[in-house]
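Peer 1: Here it is, the structure in full.
Just so you know, all these numbers are worked out from the coordinates, no wet-lab data involved. Bear in mind that the values here come from a model prediction, so they are computed numbers and not experimental data.
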Amino acid sequence: MLARMRSALALVLIAVALVTGAQAQEPAALTEATVVEREGFVEVWVRLTRPSRYQAEMMDSPHRLVLDFDDTAYRWTVKPVPVAPEPVRELRGSQFKKGVARLVVELRRPAAYTIERDREGLRIIFALDKAAAELAPRPAPRRGSTQPLVFGIVMLDAEAHAYIFDPALRQVRRYRVGDTVGDAVIETIGERHVVLKTPTGRVELRVDESKPR
């Protein structure tokens, strides 16, 4: 009897392990994309069943932001979705190729943007009006540059946020007080400057006033 119980328990454990393994190997899935309007911003929320690596590229003719998600299944609509809020014109997507889900955010005009991760996927943030002017496209910093650059400071939900180029990530992201940039922590965000607390002391960064070439 004891031997039979042990055999039955072993079979149950094997079945659980097989199910768990299958779930762990299941690829991520892109399930939805939604446009949300906020004061001074338009955001595209991309819903993923779990975090996924992605590549983003801005293209023209027409202007569009193309995102490819690795190891991801496409499970959203196959029909283009018209969008009213500027600067977005349309959302569309597909299973671009095996293992790669593609989302295309077609724009009415060139627009500055940042991409942030959240618990449910990604948020693509397009700045409008004064915020857009603050974040107008600038020349990419030199590859040898190791200094973060502040591209703009805006108020969002009564809190100051700074758009900073992180040379380690080669990306512009939105930060607030308490966030980390490399090995530094943002201590203060002023009207035109950011103070970083670094292991060697405090560093003040001014908003980059350079103009596009």
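Peer 1: What does the extension gain come out to for Asp166 and Lys98, with contour length at 0.36 nm per residue minus their alpha carbon separation?
Peer 2: Length difference between fully extended and current span is 21.3 nm.
Peer 1: Would you kindly derive the ³J(HN,Hα) couplings of segment 190-206 from the backbone phi angles with the Karplus curve 6.51 cos²θ - 1.76 cosθ + 1.60 (θ = phi - 60°), listing them in order in whole Hz, with x for Gly and Pro?
Peer 2: With the stated coefficients, segment 190-206 comes to x, 5, 9, 8, 10, 10, 9, 9, 10, x, 9, x, 8, 10, 9, 10, 8 Hz.
Peer 1: A further question on this structure: If you take the square roots of the eigenvalues of the alpha-carbon gyration tensor of segment 138-206 and sort them as a ≥ b ≥ c, do you get rounded (a/c under 1.5), prolate (a/b over b/c) or oblate?
Peer 2: Because a/c hits 1.5 or more and a/b fails to exceed b/c, segment 138-206 counts as oblate.
Peer 1: Find the eigenvalues of the gyration tensor of the Cα atoms of segment 28-132, then list the square roots of 5 times those eigenvalues as equivalent ellipsoid semi-axes, largest first, in whole angstrom.
Peer 2: 22, 15, 12
Peer 1: Something else about it: Show me, for segment 55-65, the HN-Hα J-couplings you get by feeding each phi into the Karplus relation (A = 6.51, B = -1.76, C = 1.60, θ = phi - 60°), rounded to Hz, glycine and proline as x.
Peer 2: Ordered by residue, 3J(HN,Hα) equals 10, 10, 9, 8, 10, 10, 6, x, 5, 7, 9 Hz.
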